[in-house]
Amino acid sequence: MNTKIIDGLKLSKEIRSNLKIRVDNLCSKNIVPGLAVILVGDNSASQVYVRNKIKACENTGILSIEKKYPENVNETELLKTIEELNKNSKIHGILVQLPLPSHINTYKVIKTIDPKKDVDGFHVINAGLLMIGKPMFLPCTPYGIMKLLESEKINIKGSETVVIGASNIVGKPIAMMLLQKGATVTICNSKTKDLSSHTKKADILIVATGKPNIVEGSMIKTGAILIDVGINRNENNKICGDINFDSTIGIASAITPVPGGVGPMTIAMLLTNTVEAAEKTIV
Ligand code: NAD
């Protein structure tokens, strides 16, 4: 079987260039979409993610401001910053880069963001709206995966879909979105007993665990669509996903590469949510 490599970079560029038109339209109404990014501590992966998000904003005409705090920042100070950003009419989206240091209550921090500015879609209100099928902001990574599936014209309705990973930011929301599109969804987690008994059934397999090589070719059905969300470093310090890519070639009908698959889509959807937040301010 010919395995298609799904090009997330190409689709993300198309989305970003279409967004520029919407940004120009907003600017003609004197609204410049604005994103505030809060970064705490010096986690190197977080610093790279924030840098990429800010660069993507600049390239799309979105104003971005970065608020940096040391690892030992006090929670009250962080909450005060968010409250100020909530009131700032030039800021349409607020993003707190996760993970936060353990002395900070992440739930409380995210809950302080105005849900209308929660462009990451992590606020409980946005999680709840997604759950009942009336989303305001979809979390960026699952939103990007749905766009990839849509652009590849992959049939979701009636499909057997397996999601490995049940985090609040990837596994649970993507499972909910797929369910709402008519898939039969199985969610696996670290306590799942026999992973391959589930993966072998999957027409669509989404893997988001942070465990390299957790899925390999022998665990999938012929013709499966594979979406690899993982971002890991292998023994040679090279970026790799959760799926053993090479072992699936010739068995899967399509796979997203790492890098160049889901990652760029996450940023494109963050920009989309920010532009949408700005558009919603037009009455
Ligand atoms: P997480 O650590 O919050 O959750 C991991 C999930 O995987 C948990 O539900 C856990 O139960 C499950 N899991 C762990 N080991 C397992 C096993 N052996 N079998 C079955 N399930 C297992 O992680 P997360 O935030 O959801 O991120 C997952 C991965 O995706 C990470 O590599 C992360 O870097 C990456 N990620 C990528 C993007 C992107 O834009 N591409 C965005 C977010 C996260």
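The values are calculated or read from the model by the stated rules, or taken from the named source; none is laboratory data. Remember, it's a predicted structure, so these values are computed and weren't measured experimentally. Reconstructed Cβ throughout: ideal geometry from the backbone, glycine too, with neighbour counts over all protein chains shown. Heads up: the accessible areas ignore ligands, DNA and RNA and are worked out on the full protein's heavy atoms, side chains in. Shrake-Rupley method; radii C 1.70, N 1.55, O 1.52, S 1.80 Å.
Only helices (runs of 4 or more DSSP H) whose full extent lies in segment 65-165 are considered here, and the ones with at least 3 residues that are within 21 Å of the chain's Cα centre (by Cα) and surrounded by 15 or more Cβ atoms within 10 Å (Cβ to Cβ) are 106-112, 124-131, 140-151.
If you go through segment 130-174 and pick out every residue that is more than 10 Å from the ligand (Cβ to nearest atom) and in contact (Cβ under 8 Å) with a residue 60 or more places away in the chain, you end up with 9. Looking across segment 229-254 at every residue that is of a type in the set (Val, Ile, Thr) and within 14 Å of the ligand (Cβ to nearest atom), the one that is nearest to the chain's Cα centre (by Cα) is identified as 229. Criterion applied to 23, 40, 50, 32 was being open to solvent by less than 30 Å² (accessible area, probe 1.4 Å) and more than 21 Å from the chain's Cα centre (by Cα), and the one residue passing it is 23.
Filtering segment 223-254 to residues that are touching a residue at least 24 places away in the same chain (Cβ under 8 Å) and among the β-branched types (Val, Ile, Thr) leaves 225, 227, 229, 231, 243, 248, 249, 251.
Residue 2 fulfils the conditions (1) polar (S, T, N, Q); (2) open to solvent by less than 90 Å² (accessible area, probe 1.4 Å); (3) not assigned by TED's automatic domain parsing to the domain that holds residue 84 except for a single criterion, (2).
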